[in-house]
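Structure record follows, encoded as structure tokens.
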There are 2 protein chains.
Amino acid sequence: MTLIDTRYRIAVIGGTGPQGKALAYRFARHGHTVVLGSRAAEKAAPVAAEVAERLAGVEGAGEVTGAANADACGDADVVLLAVPYDGHDELVATLPLAGKVVVSCVNPLAFDKAGPHGRVIDGGEGSAAESAQRIAPDAAVVGAFHHVSAVTLWGDADYLPDEDVLVCGDTDEAKQVVIELARCVTGRDGVDAGRLRLARQLEPLTAVLISINKKYKTHSGVRISGI
Amino acid sequence: MTLIDTRYRIAVIGGTGPQGKALAYRFARHGHTVVLGSRAAEKAAPVAAEVAERLAGVEGAGEVTGAANADACGDADVVLLAVPYDGHDELVATLPLAGKVVVSCVNPLAFDKAGPHGRVIDGGEGSAAESAQRIAPDAAVVGAFHHVSAVTLWGDADYLPDEDVLVCGDTDEAKQVVIELARCVTGRDGVDAGRLRLARQLEPLTAVLISINKKYKTHSGVRISGI
């Protein structure tokens, strides 16, 4: 049994981090093929094996393998950027992204003793997703999956019906691919949240969720009411 | 029957606008006394009368009257700023806010042919709520009620259980007052979203909701999952 309409080959850049690994798990669990990327292939392989092992016996699950980041992109349809913002631009510049759907879940945050807040990019007129689009002009960059906690993603629930995946982008076709990929997480379509520049709003919202997590001792997420 | 623990006297600055009027209605409906402010008392009076008329027969509803903005603040415990961002700073500077809990639901947005997005304040390191706090240093400014649609607030539902009111602020006592005031809208406490500077994230999130509203022909809101 599988819910997916299209089986994609998805490269997860930064796939050994908690968010990348957990999203790789959700994508493969739903039936997509995942190549989990890291700086070195030998770092990616054991994490890919761990994800694959968790999926052993899950009917319809996709294959999960490991590779160096740039190699992972090779024949991927979709490339997920799940990397820290520090070093993001330099890393993106090394990846062969032309012609691909590139999904950014990067959250540029700053932390100090008063807690987390949004990191200011391009004087407030930029975002990690927009930076990726500028660096890879022949890719179709989409922002999504910013707000779902790695802990919840890696948890035991089949799907996360209380969460929404907010999807922003300027290319309708690419955005539609990611709206469909959201089903891997929530069991239903992602929410079309508008243009790519709204990543300026989506990315730092994670600072609010982290504040809520600390206060309420939880792993919070976002749900849109009224749709 | 009333759910409230404390009856406040609430001034709604910009109370003749859709957001101010609708929040005034919710506060008074829940039992608080509301003075609806406008630039001129004679503009406030008919709107206050309209709200009061809607509440005729609602058991426990508070009184709603109109006044000029500065006069409305006079003996208020809580002052809600529900004004456009254009002219916000100049207006706030004219109000007697010292010693009061000041709630900002101001959404500084910019619009162009690609739709709405967050307006950049202080190079990305500011927000309307922080501006109000700077202009009125002896007030306790709290950010809240940014995301609940005026149409939904003015609607027929007793409470809006699918919405959350996110509350940010640096003064715990003032924040607690507003967390309680959220019950007027949702029927339950607001969500403590952290420090006042997170208004930088909460205010422009409204641009995302407006985009969603246009796409899905709805009046969307935000709910936090996991709490």
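The number of residues in region B:114-126 being at the interface with another protein chain (Cβ under 7 Å from one of its Cβ atoms), touching a helix residue (DSSP H, G or I) at 6+ places or on another chain (Cβ under 7 Å) and surrounded by 15 or more Cβ atoms within 10 Å (Cβ to Cβ) comes to 5. Of all residues in region A:43-55, none are more than 20 Å from A:Y85 (Cβ to Cβ), in a strand (DSSP E or B) and among the β-branched types (V, I, T).
Of all residues in region A:156-170, those being away from chain B (no Cβ under 11 Å) and open to solvent by less than 20 Å² (accessible area, probe 1.4 Å) number 2. Does B:L80 satisfy the condition of being part of a helix (DSSP H, G or I) and under 19 Å from B:A132 (Cβ atoms)? No: the conditions fail for B:L80. Restricting attention to region B:16-30 and to residues that are touching a strand residue (DSSP E or B) at 6+ places or on another chain (Cβ under 6 Å) and closer than 11 Å to B:E50 by Cβ, the residue that is most open to solvent (accessible area, probe 1.4 Å) turns out to be B:T16. Of all the numbered requirements in (1) farther than 20 Å from A:L81 by Cβ; (2) open to solvent by less than 30 Å² (accessible area, probe 1.4 Å), A:E63 misses one, and that requirement is (2).
Going through B:D75, B:D71, B:D89 one at a time, which residue ends up being open to solvent by 70 Å² or more (accessible area, probe 1.4 Å) and either at pLDDT 95 or above or not in a loop (DSSP other than H, G, I, E, B) (or both)?
From the options B:D75, B:D71, B:D89, the qualifying one is B:D71.
Being over 22 Å from A:A139 (Cβ atoms) and touching a residue at least 60 places away in the same chain (Cβ under 8 Å) is the filter; apply it to region A:186-204 and report the residue that is surrounded by the most Cβ atoms within 10 Å (Cβ to Cβ). Checking each candidate, the answer is A:P204.
The number of residues in region A:98-113 being of a type outside the set (A, V, I, L, M), out of contact with any Phe, Trp or Tyr (no Cβ under 9 Å at 6 or more places or on another chain) and within 14 Å of chain B (Cβ to nearest Cβ) comes to 3.
Quick check: is even one residue across region B:87-97 among the small types (G, A, S) and either closer than 22 Å to B:Y8 by Cβ or within 11 Å of chain A (Cβ to nearest Cβ) (or both)? No, region B:87-97 contains no residue that is among the small types (G, A, S) and either closer than 22 Å to B:Y8 by Cβ or within 11 Å of chain A (Cβ to nearest Cβ) (or both). If we scan region B:32-49, do we find a residue that is open to solvent by 50 Å² or more (accessible area, probe 1.4 Å), touching a Lys or Arg at 6+ places or on another chain (Cβ under 9 Å) and at pLDDT 95 or above? Within region B:32-49 (the criterion being open to solvent by 50 Å² or more (accessible area, probe 1.4 Å), touching a Lys or Arg at 6+ places or on another chain (Cβ under 9 Å) and at pLDDT 95 or above), the answer is no, since none of the residues qualifies.
Filtered by the rule that a residue be open to solvent by 10 Å² or more (accessible area, probe 1.4 Å) and either in contact with a Lys or Arg (Cβ under 8 Å, 6 or more places away or on another chain) or within 13 Å of chain A (Cβ to nearest Cβ) (or both), region B:127-138 gives a lone residue, B:E130.
Residue pairs whose Cβ atoms lie under 6 Å apart, separated by 6 or more positions or on different chains, with the first residue in region B:26-46 and over 22 Å from B:V92 (Cα atoms) and the second open to solvent by 10 Å² or more (accessible area, probe 1.4 Å) and among the polar types (S, T, N, Q), are B:G31/B:T2. Contact map, region B:207-227: residues that are free of Cβ contacts under 8 Å to residues at least 12 places away in the same chain and on the phi < 0 side of the Ramachandran plot paired with residues that are hydroxyl-bearing (S, T, Y) and buried (at least 17 other Cβ atoms within 10 Å of the Cβ), Cβ distance under 7 Å, separation 6+ or inter-chain. Pairs shown: B:I212/B:S220; B:S225/A:S220.
Within region B:207-227, the set of residues being more than 7 Å from chain A (Cβ to nearest Cβ) and either surrounded by 23 or more Cβ atoms within 10 Å (Cβ to Cβ) or touching a Pro at 6+ places or on another chain (Cβ under 8 Å) (or both) comprises B:L209, B:I210.
The values are calculated or read from the model by the stated rules, or taken from the named source; none is laboratory data. Keep in mind the model is a prediction, meaning the values are calculated, not measured. Methodologically, a virtual Cβ is constructed for each residue, glycine included, from the backbone with ideal geometry; neighbour enumeration extends over all protein chains shown. Just the protein is used for accessible areas: all its heavy atoms, side chains included, with ligands, DNA and RNA removed. Shrake-Rupley method; radii C 1.70, N 1.55, O 1.52, S 1.80 Å.
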